[in-house]
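The values are calculated or read from the model by the stated rules, or taken from the named source; none is laboratory data. Computed from a prediction, not measured in an experiment: that's the story for all the values here. All Cβ positions, glycine included, derive from the backbone under ideal geometry; neighbour counts span all protein chains shown. Only protein heavy atoms, including side chains, enter the accessible area calculation; ligands, DNA and RNA are left aside. Shrake-Rupley method; radii C 1.70, N 1.55, O 1.52, S 1.80 Å.
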Amino acid sequence: MNIRLMLWATMLACSVTLEAKVTMPQLFQNGMILQRGKAIPVWGKADAGEAVTVTLNKKKVATVADADGRWRVDLPQMKAGGPYTLEVNSDGVKSEKILLDDVFIGDVWLLSGQSNIDVTIERVYPNYTDEIDDFSLDKVRLFRVQNDTDTHGVKDDIRPTSINWKPLTKQNAWLFSAVGSFLGKRMFEKTGVAQGIIVNSWGGTPIEAWISADSLRRDYPMLVKRVEFFQNDNYVKAQAQANGEASRRWNEMLNKEDNVQSYAQPDFQDNDWSVIDQNNWNWRGTGSVWLRQHITIDKAHAGKPARLLLGTLYDQDVTYLNGRQIGQTGYQYPPRRYDIPEGLLQEGDNVITIRFINKNGAAHFIPEKPYMLCFGDDRLSQNPMPKDVIPLSPSWKFHLGAEMPPCPGGDVSLQNLPTTLYNAVLHPLAPFALSGVVWYQGESNVGNPAPYADYLEKLIGCWRDRWQQPELPFVVVQLANYDGRQQTGMPRPITYQATPVSTNSNWAQLREAQRLTAQKMDNVELATAIDLGETVDIHPLRKREVAERIGLCFDRLVYKDKKVKLMPQITSFTYGKGRIILTFDQPLRPCGELFEFEVVDKGGRAYNATAHSEGRNVIIDSPIDYPKLVRHAWKDNPLRLNAYAETGLPVGPFELLVDRVADYHPHN
């Protein structure tokens, strides 16, 4: 029996050896972009001791797989060019060859963070219809890292992905990052060389998830212990199954009780339903509510295809027109843009019906969004708005559908735990050569901004360590303006407060952490979006402008273009009784009074201050004699910001300590 077992084991070992293949990570695919001007790492796995040879552009490098079967070569740095074929040969028991075609040498950018990197071309399309329709750049290639987590430790490779070095076209970019798409296009137009855009992001994730355990362990041991709790796979699986069953049961009960078949029908009699105003309404319950609106369509528009804009709704909706479902959205953030097919709109009375489904919070409409029917060839555009529109009324018929208890359970959400994304989707990407990194994240950390500067420094440090590039360029995108109160379902008007004011915005504190980190660390630049946001939308749509500002930062960081002017920076200040003069590194636009400047006394009370610009100076007249701090745009949503450089870039948010004598400069 023992002899038979030994023979079987030997045969199995031989079988495995004969079937072993030389493999490469998921990043290495046809159509890939490799970084110019740097050594090009190429790596993979093979049998232990197997010889591997890599050839690209007439450059050949050989190596031998180590005892664990890992191999790596570094091809010499090359100039931009292509297309080439990357060839990998092995001389093991079974000689093998890997050929990757259509490979270019150019620039490679890694974009990471949370949902504002995730926001797709589809989402922003109405703002840039003509430009996106013309997307056709073969030398801009898109790669989307597939979401994954790991609580146990770092992984060797990422999961397969459907967007793997696809050329930039409207179709390929439709569900790809808008910031990434516009950045690739912008950098190609500037350089003329191939551009690779790797997007590695996950909506709603905190910065801690993207930092290595080694970087957190000393200063934040509880964070590491927190993720260790979820290293029990049986617990995680059981919790996920329980949550799935709870959600299915909740929806089953909701649909059984709700009168879906009747309320959506155009001939349903809704005369006894109450009337609500969408601008002054929310429903704080769980379950479903129904809203109906009758709209009269004239003969000229009857039967025409149209697009229904329903702004943004909280939380889920299913929307019907004349009893036919025309769209549904499963969560609060996406704009509701529902296409109406030809022939559905009839002359005379038509009925729009919305079924709100809510599991928590308050069901409500988001203000300041478009609510209308759009007709004509330009109906897909929102910049500018279509010429032929029929606005909806803010009045809706309202009826309670099915009231439900809260859905039990709690999502494990491994992606929100410390280190899990670093382990699964960041660590495996190195040492793939990069030109630079974009970090756009922070919304999920505004609840506790105090440690963010330290977290961000640790993230940049551990990523640079992973790539063994201590000067790897980083661009940090500063959070856009946004009024988080809108998520409560009780919108409040935005007003400019009289002095004294009390502002200690978490959003402003996190933006300051981003600014100070960029100022402190070498080869890090800040791209502000403080004037590109939306009061009511945490996912603003002006992503091309964000990409342009990121590109300007890389012009300075990577291409060393000293002519490029970035966001204005304070170079010095003077201080006197009731007056502070800030001197910037470039001239500002003259515009009369500047808003969103304030001063803070030693007791922490903030006061609005009068300010104006003269060349490179901003002169601030303080309502108190000797303030401790000067602030600019220190709010969640500083709508009145109007301090801009002559280049068109805004003076970003900052907080400046001015009461230390050593920092004073006497007035001239």
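Could you tell me which of Gly37, Ile297, Val140 has its Cα farthest along the dipole of the chain towards the positive end, charges placed at Cβ (Lys, Arg +1; Asp, Glu -1), taken about the Cα centre?
Gly37
Can you give me the % of accessible surface on region 112-229 that is carbon or sulfur? Probe 1.4 Å, all protein chains present, nothing else counted.
C and S atoms contribute 47 percent here.
Can you give the helix-only mean residue ellipticity at 222 nm for the chain, where every DSSP H stretch with n ≥ 4 adds -39500 (n - 2.57) and the sum goes over all residues, rounded to the nearest 500 deg cm²/dmol?
Rounded to the nearest 500, it is -6000 deg cm²/dmol.
Indicate the helices, whole DSSP H runs only, in the chain that combine a mean Kyte-Doolittle hydropathy of 1.0 or more with a Cα extent along their long axis of 15 angstrom or more.
Passing helices, by number: 2-19.
With every protein chain kept in place and ligands, DNA and RNA left out, what is the accessible area per residue of region 57-205? Probe 1.4 Å, answer in Å².
Result: 41 Å² of accessible area for each residue.
With no solvent and one point per C-alpha, what does the Debye sum give as log10 I(q)/I(0) for region 78-148 at q = 0.12, 0.25, 0.27 Å⁻¹?
So the normalised log intensities are -0.59, -1.18, -1.22.
Given axes a ≥ b ≥ c from the Cα gyration tensor, I'd like to know whether region 292-440 is rounded (a/c under 1.5), prolate (a/b larger than b/c) or oblate.
Because a/c hits 1.5 or more and a/b fails to exceed b/c, region 292-440 counts as oblate.
Leaving out ligands, DNA and RNA, what percent of the accessible area of region 50-100 is carbon and sulfur, probe 1.4 Å?
Roughly 48 percent of what the probe reaches on region 50-100 is carbon or sulfur.
With just the Cα atoms defining each centre, how far is region 88-135 from region 158-235? Give it in Å.
About 13 Å separates the Cα centre of region 88-135 from the one of region 158-235.
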